[in-house]
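Input: a single structure, listed below in structure tokens.
The values are calculated or read from the model by the stated rules, or taken from the named source; none is laboratory data. Everything quoted here is computed from the prediction, not taken from an experiment. Cβ placement follows ideal geometry from the backbone for every residue including glycine, while neighbour counts extend to all protein chains displayed. SASA here: full protein model, heavy atoms, side chains in, ligands and nucleic acids out. Shrake-Rupley method; radii C 1.70, N 1.55, O 1.52, S 1.80 Å.
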Amino acid sequence: MHNQLKVLRAMRNWSQAELAGHLDVSRQAVNAIETGKHDPSLPLAFRIARLFEMPIEEIFNDQA
């Protein structure tokens, strides 16, 4: 799954650790999602969408 998480994080000048703190997950989890090694759970995807005030579909895309 492709996502805009790294771009959105960079726009706020947050490190992976800072984003992880906002989401209550590990920095490694943020890295795994950003690099496409791991897809977020649905509850985590909703937390990410709320944090960035965007629809989930604008952050995560299953298109190649």
Please get the size of the charge dipole for the chain, origin at its Cα centre, with Cβ charges of +1 on Lys and Arg and -1 on Asp and Glu, quoted in debye to the nearest 20. 220
Please identify the trypsin sites (Lys or Arg not before Pro) of segment 3-42 that satisfy two criteria: DSSP loop assignment and at most 13 other Cβ atoms within 10 Å. Which are they? 12, 37
Under a 1.4 Å probe, counting only protein heavy atoms, residue 2 has an accessible area in Å², nearest 10, of 110
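Protein chains only, probe 1.4 Å: how do 18, 57, 34 rank by accessible area, largest first? Spell out each step's value before the answer.
Values: 18 90, 57 140, 34 30 Å².
Largest accessible area first, the residues go 57, 18, 34.
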Computed curve, the chain, Cα-only Debye sum without solvent term, log₁₀ I(q)/I(0) at 0.16 Å⁻¹, is -0.43
Residue 10 paired with residue 37, simple spin-label distance in nm, labels 7 Å along Cα-to-beta-carbon: 1.9
Go ahead and run the numbers for FRET between residue 61 and residue 24, Cβ-Cβ distance against an R0 of 35 Å, rounding to 0.05. 0.90
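Over the chain, average the accessible area per residue using a 1.4 Å probe and give it in Å², no decimals.
Numbers: 4220 Å² over 64 residues.
Averaged over the residues of the chain, the accessible area is 66 Å².
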